[in-house]
Structure formats: structure tokens, C-alpha cells
Amino acid sequence: MLSARDDLDLVRDVARGDQSAFAQLVGRHVAAVRSVALRFTGSTADADDVAQDVFLKVWTHASGFDPEKASFTTWLHRIAANRCFDLLRSRRRWGWLGLDASQERAATHPRADDALAERETLDAVRADILSLPERQRMALLLVVTADRSAQDVADVLGVSRGAAEQLIVRARQTLRDRQKERAAT
């Protein structure tokens, strides 16, 4: 595991225009940013766009990073969360739906009915996550996907730790309730 000091040195070098330091930061953190964005947006193309936008902002705003206010990863995830929220708002405004929403996956089971049942369950859970309110969805994804603490979630979303914990609890409860509803039918 890499220390925050390593990231701090790199972001300072990025602020001075060091492309090698930038490449190291991207290599170190792009998978986590992309993973959160993919699960938030439900689209590989959108996740790639979000990740690209996030690291462009890191490149252009590295000098504005203040290690006294947040760790680098918290700052990075806050940029990613804001970009995801912006993307969602623009989609609502334009009513656009990406083609990824209907992307087919190859069946990995020898029996078609097993594969279909598994896919239906996966699609239902994905739809449940995507239907969560924005802040609940982001809070849950930061905890589950990016392995962030409740305090980190609070810092990323700009809320108190208690509010972040409530967002996570409500998101998990909603998903459990929807799973129970499906099981009952």
C-alpha cells in the first residue's frame, strides 16, 4: 500500500508540470476512480469519461490541492463524485440514455436458464443501485467500491460524518428491501 506522503510528493511534482509524476498518480488511482464512476453511472463509456475528466482536473488544478484540508485520495474522490453528479444532472436535462445500458454479456454457465436467472438478478441489483438517490448511491459506492471510510465519504460529499453514515445505512436498507420484494414475488 502506498502512503499519503508518496501521493503528496507526486501531486506537488504535478503542480510543477512533471508528467512522470502525473502518470504515476494516474496509474495508482485510475482503477478506483473508474470503478466508482462505472457503478455510479452504469456505463463504461461514462466511467471512462469521468475518469478522464477527473485526471484532467488533477493535472490542471494540482497546485490548488491543500493537504491540510484533505488527503489526496479524498480530494480525488470528491472530484470524481462531483463529476458523476454533474453527468447525471446533464443526462436528466437532455434525457439521454447511453447504449451501454443494454450491453450484452456472454453467458458463462453451461445451462442457459441458470445464466438467464443470474443475469436477471445482476440486472435487478444494478437497476436498484442506479435508482438510489444520488448521494446515497455515491456514499455506498465510495464505501463498497473505493473502500473509503464514513469520514472520507463525509469529506467527499461535504456532509457531517453522521450524515454520511445515514446515507450509507439508508442505501443499504433500500437495497435489502428491494431484494426482499423480489424474493417475495
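Side notes on the structure shown:
- Selection of helices (runs of 4 or more DSSP H) fully inside segment 134-185 by the criterion of at least 2 residues being of a type in the set (S, T, N, Q) returns 161-184.
- Filtered residue count, segment 87-128, keeping only those that are at pLDDT 90 or above and either of a type in the set (A, V, I, L, M) or farther than 25 Å from D177 by Cβ (or both): 0
The values are calculated or read from the model by the stated rules, or taken from the named source; none is laboratory data. Quick caveat, the model's predicted, so the values are computed rather than measured. Quick reminder, even Gly has a Cβ in these numbers, built from the backbone with ideal geometry, and neighbours come from all protein chains shown.
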